[in-house]
1. What net charge do the residues around ASN113 carry, taking every other residue with its C-beta under 13 Å from that of ASN113, with Lys and Arg at +1 and Asp and Glu at -1?
2. Classify segment 46-98: rounded, prolate or oblate, from the alpha-carbon gyration tensor (a ≥ b ≥ c, eigenvalue square roots; a/c under 1.5 rounded; otherwise prolate if a/b is larger than b/c)?
3. How far, in nm, would the chain grow between ASN101 and LYS46 when pulled straight, counting 0.36 nm per residue and subtracting the alpha carbon separation?
4. For ILE142 and ARG115, calculate 0.36 nm times their separation in residues minus their Cα-Cα distance, and state this gained length in nm to one decimal.
5. Using θ = phi - 60° and the Karplus relation 6.51 cos²θ - 1.76 cosθ + 1.60, list the HN-Hα couplings for segment 111-122 in order, rounded to whole Hz, with x at every Gly or Pro.
6. Please work out whether segment 62-156 counts as rounded, prolate or oblate from its C-alpha gyration tensor, where a ≥ b ≥ c are the square roots of the eigenvalues and a/c under 1.5 means rounded, while otherwise a/b larger than b/c means prolate and anything else oblate?
Amino acid sequence: MSGGDHRCFKRSTGKKRPVTRDIHIEYNNNNNNKPDTDELCRRCGKESETIQHITAACQHLAPTAYVKRHDGLAKIIHQKVAEAAELIDDKSPHYKYTPFNVLENENFKLYWNRRILTDKTIPFNRPDISFINKKTKNTFLIDIAIPNIYIISPRQLPTNKTSTKI
């Protein structure tokens, strides 16, 4: 097949026809690695309109689309933790689930986007989910991150350290 080996086919006519999904980025001939002006992002107009830019780096999409994607994943995790701790009985599909700010029973407490009060000043003290086991007196702070490796510098990549004591 031209343009790469694509295995996506339309099913409407019964005949198999390839659906091309190639993305081409054209650069100027002056070899300065700057994108052609008509290839710039249609939202922000600052960067080349690539998959990496659209999914993780466009400043115009950050306040809306990225937050919606982040909260969508956080809601799924909140629902599964609430079900496992028997804090909710409703088994609605994840796309219809709306988390409560506080869920509590005799064994567990679950918070959604709640600020953590500490004796030290901490700049980011509002995890997405806080889960407290009252019997064992353990607290789990769950903060969701959906990074795109493309925009992370090597010094920001994860290390073997999984948690930090406050």
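1. Taking every other residue near ASN113 into account, the sum is +1.
2. It is prolate, given that a/c is not under 1.5 and a/b is the larger ratio.
3. Length gained between ASN101 and LYS46: 16.0 nm.
4. Length gained, ILE142 through ARG115: 8.5 nm.
5. Going residue by residue, I get 10, 10, 6, 10, 5, 9, 8, 10, 7, 9, 6, 10 Hz, with x marking Gly and Pro.
6. Judged from the Cα gyration tensor, segment 62-156 comes out oblate (a/c at least 1.5, b/c at or above a/b).
All of the numbers you see were taken from the coordinates with simple rules; none came from a lab. These numbers come from a predicted model, not from an experiment. FYI the Cβ positions are ideal-geometry reconstructions off the backbone, even for glycines, and counts take in every protein chain you see.
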